[in-house]
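For reference, the structure discussed in these notes is given below.
Every read-out reported here was derived from the displayed coordinates using simple, explicitly stated rules and does not represent laboratory data. Computed from a predicted structure; not experimentally measured. Note: ideal-geometry Cβ built from the backbone for every residue, glycine included; neighbour counts use all protein chains shown.
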Amino acid sequence: MFEDPTFWVAVAFVIFVAAVGKKIATAMTGALDARGQAIRAEIDEAEKLREEAQHLLADYKRKQRDALSEADEILNHAKLEAKRLAAQAEQDLETALRRREQAALDKIAQAETKALQEVRNQAIDVAMAATAKLLESNLDNEGLNTLVEESIDNLSQKLN
């Protein structure tokens, strides 16, 4: 058996396979370990990205809630402001109407006063014309002169 060349070829082959197999196994193990570490790094990176995405999602949801609540506050404030402005406009309208009504009443009162004054003036004019005609028809020159002198004397008393 030790003299048989096939035996020695087989032994050499086994040694060769063992030596080369060990190097190949070491190289394959190293490559697989490197690949495993790369995969582990990618998984860690993916987990970090997922956590970051969850944080961003939570932040955006919080910001959305805040924006919705702020929009509600703005809407409520706008409604209150609109009610306040409507009440103010109504009050201003009432005030303006009262002022216009008062102005109209004042104009009516002025027109009444003016009409009364014109009626009085016309009544005085008619009365004076009638008195003048009556006096002309009933008095002579001497009586007329006496009446004018008495009127002049009474005029100073009436003016004071």
- Karplus-derived 3J(HN,Hα), 6.51/-1.76/1.60, for each residue of the stretch 119-134, Hz, glycine and proline x: 5, 4, 4, 5, 4, 5, 4, 5, 5, 5, 5, 5, 5, 4, 5, 4
- Counting every C-alpha pair in the stretch 5-159, the percent lying more than 18 Å apart is 85
- Query: What is the Cα centroid distance between the stretch 1-24 and the stretch 41-104, reported in whole angstrom?
  - Reply: 86
- Query: Mind checking the dipole of the stretch 5-159: about its Cα centre, +1 per Lys or Arg Cβ, -1 per Asp or Glu Cβ, Debye to the nearest 20?
  - Reply: 2120
- Message: Using the Cα centre of the chain as origin and beta-carbon charges of +1 (Lys, Arg) and -1 (Asp, Glu), tell me which of Ser69, Phe7, Leu32 is placed farthest towards the positive end of the dipole.
- Response: Phe7
- Residue-normalised 222 nm signal for the chain, counting each DSSP H run of n ≥ 4 as -39,500 (n - 2.57), nearest 500 deg cm²/dmol, is -36500 deg cm²/dmol
